[in-house]
Amino acid sequence: MPVITPFRRPSRPSGNAPDDPDTPESGPLKALAALQALRARLAHRWAWRARHPRAALAVRRVTTALSAILVLGALLLPNTLVALEPSRFARIPAEAVVAAVLLLCLPRVPRLVAAALFGAALGALTVLNLLDMGFTAYLGRSFNLVLDWGLLDDAQSFVADSMGGAAAAWAAVGAVVLALALLVLTALAAVRLGELLAAHRARAARGALMAATVWMTSVALGVQTFGVPVATTSASRAAEAQAHRVVDTLRDEAAFAKEAKADRFGATPGAQLVPDLRGKDMIFTFIESYGRSAIEDPVMAPGVDRTLDASTEALAKAGFHARSGWLTSATYGGSSWLGHSTFLSGLWVDNQQRYRTVTAGDHLTLTKAFRKTGDWDTVGVMPGVQKAWPEADWYGLDKVYDASDVGYRGPKFSWSTMPDQYALEAFQRLEHGRKRDKPLMAEVILTSSHQPWAPVPRMVGWDEVGDGSVYDGIEASGVKASDVITDSARSKEEYGKSIQYSVTSLTQWLERYGTDDTVLVFLGDHQPLARVSGNKASRDVPVSVVAKDPKVLDAIGDWNWTEGLKPAHDAPVWKMSAFRDRFLTAYGSVPHPTGAGG
């Protein structure tokens, strides 16, 4: 007979085996266990407070004090380094009074939410204020919330080139951690202060009333401490300025797109463009960070002025003469491409959005005008370009030599991929010295005077340049970027030396290789950053036209520029965007407008 085994319920696994997910009791049991663990932690915390009441009280008071300091500091933080003074923090922010009154009126849950949102927003505003400080110090303008995020990647690349990849990585990590910490800590601080107000509602209400009374009285009487008003709404004004900047940026996009379509010479036939320069080799050269401060600042000017005077004299002996003036750049401290595009397009390109707009269109650049004639070969020498550069066609350049195309085998000089003397010698070898059927139009960008101005190359014999290996010892023995980058006095000294080197490289090249038909236009793209040029420096840069043929300089006689390479202090100052049309007109171009201007 078959054996019948009685049915038995499976036993639950013993020990530490995981719960059966299909068992209905598992969810509630886990929740109960978590609740018990939380109660145990709270009990331990309260037990610690009971055992150490004085220490617990000290911790609470210190935490509260730090929370108040963080919130008030964030409310009073300016957005420029110049304004970062102790007196700025001895004021009463209206936002603190309004927030205190609001939190006192709310029940607990809405109060917690409002405090957290207020604190997080204050943390975000603090991050933007810190970005404003950095952008003002380096670029002479505030951070643009819409356009400038891409420049942070450029900043990291600059730090990597100047201080090394590890320093750049740590700097990036530190910046992200700081931003997140500010968002979280200001939110937690605001919540803690909100709970403190609620716990002492009567006294907090009286304190808020007194603070509001003092604030309004200070406004009415204009009360000041250390030269600044006691009552302030700086945080609100900073937030409002950021909002206006966003709105203005969005509005500017459409307005500039329309402006870029208007071109006084847009429809001019090639035969009617620069007819008075036919047969000339035209060279447009930008010297990085070559600004007015290099010629007029008491620290840098003596050395730079001696170089300009000596170069003017040496060029005169070689048969070249020059006229010089001032242009007001569309950028400051960096973003050189904005200066380049402004100068060559005749449009005011002062932000990244405008740059994208104009380079995506067909607005006539000064360099493209020469290609449009069909009478020039057009090339660019761009030692600072290290990746794809699609803007070459918009500039009208048939051939571009970037950092990898010129055969350089020497060391980098901080950010600069190669010394200017090498870049110019390579230009001579690859293009200017070649026999050709047409004259040459070249755009050359020199980079040795790019910050941090350490180490700075020095001149070698032109026959010794070779493949650049000669610079190994020069770079190794030069000043280190880390010794200069945070020292304003050293930065000024090394910046002045870099400008002397760049000007000497260019003018010696012209002496050595220039011909009767060579015409050189060279200028700075922008002033150096405020640490070198000063907090109230202008945006002016020097510009010079150099040629042997007297007719070339006679054509610009009515510009009233200064003779030689050093413009006089009171020489004419034009916006950089004005140069294109003045240049085209001076050399015989006939206007045929297009777009809205036509």
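So here's what we get for this one:
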{"quantity": "5 angstrom amide H check on Val381, placed H, neighbours 5+ away", "calculated": "Tyr401, Glu443, Val444, Ile445"}
{"quantity": "Region 59-156, relative contact order in percent, only Cα pairs under 8 angstrom and at least six apart counted", "calculated": "29"}
{"quantity": "The chain: angle of helix 26-51 to the longest principal axis, Cα-based, in degrees nearest 10", "calculated": "90"}
{"quantity": "Entry for percent of Cα pairs over 42 Å apart (calculated from the structure that is shown) out of (1) 41; (2) 19; (3) 28", "calculated": "(1)"}
{"quantity": "Charge sum, other residues only, whose C-beta stays under 10 Å from Lys368's C-beta, Lys/Arg counted +1 and Asp/Glu -1", "calculated": "0"}
{"quantity": "Spatial separation of Cα centroids for region 385-417 and region 549-579, in angstrom", "calculated": "30"}
{"quantity": "Region 361-448: GluC sites (Glu not before Pro) in DSSP coil with no more than 10 other Cβ atoms inside 10 Å", "calculated": "none"}
{"quantity": "Along the chain, longest interval not containing exposed chymotrypsin sites (Phe, Trp or Tyr not before Pro), exposed being DSSP loop plus at most 15 other Cβ atoms within 10 Å", "calculated": "227-598"}
{"quantity": "Under the Debye formula (equal points on every Cα, no solvent term), log10 I(q)/I(0) of region 216-327 at q = 0.09 Å⁻¹", "calculated": "-0.69"}
{"quantity": "Rounded, prolate or oblate (a/c below 1.5 giving rounded, otherwise prolate when a/b exceeds b/c) for region 318-445 by Cα gyration tensor", "calculated": "rounded"}
{"quantity": "Dipole magnitude of the chain about its Cα centre (Cβ charges: Lys, Arg +1; Asp, Glu -1), debye to nearest 20", "calculated": "3820"}
{"quantity": "Crossing angle, helix 336-345 versus the chain [Cα axis fit, 0-90 degrees, rounded to tens]", "calculated": "50"}
{"quantity": "Accessible-area composition of the chain, carbon plus sulfur, in percent [1.4 Å probe]", "calculated": "60"}
{"quantity": "Counted charge near Thr518, where neighbours are those whose Cβ lies closer than 10 Å (Asp, Glu -1; Lys, Arg +1)", "calculated": "-2"}
{"quantity": "³J(HN,Hα) computed for each position of region 424-430 - Karplus, 6.51 cos²θ - 1.76 cosθ + 1.60, integer Hz, glycine/proline x", "calculated": "6, 5, 5, 4, 5, 5, 7"}
{"quantity": "Distance from region 190-229 to region 238-276 (C-alpha centre basis), Å", "calculated": "47"}
{"quantity": "Low-density loop positions, trypsin sites (Lys or Arg not before Pro), region 362-430 - DSSP coil, at most 10 other Cβ in 10 Å", "calculated": "Lys387"}
{"quantity": "Residue-normalised accessible area of the chain, expressed per residue, 1.4 Å probe, Å²", "calculated": "48"}
{"quantity": "3J(HN,Hα) from dihedral phi, region 294-300, Karplus parametrisation 6.51/-1.76/1.60, rounded to Hz, x for glycine, proline", "calculated": "4, 9, 10, 6, x, 7, 8"}
{"quantity": "In region 530-598, the trypsin sites (Lys or Arg not before Pro) that fall in loop regions by DSSP, at most 12 other Cβ within 10 Å", "calculated": "Lys536"}
{"quantity": "In order through region 482-490: 3J(HN,Hα) via Karplus (6.51 cos²θ - 1.76 cosθ + 1.60), integer Hz, x for Gly, Pro", "calculated": "5, 7, 10, 4, 10, 10, 5, 5, 5"}
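The values are calculated or read from the model by the stated rules, or taken from the named source; none is laboratory data. These figures come from a predicted structure and were not determined experimentally. Note: ideal-geometry Cβ built from the backbone for every residue, glycine included; neighbour counts use all protein chains shown. In case anyone asks, the SASA skips ligands and DNA or RNA and just uses the protein heavy atoms, side chains included. Shrake-Rupley method; radii C 1.70, N 1.55, O 1.52, S 1.80 Å.
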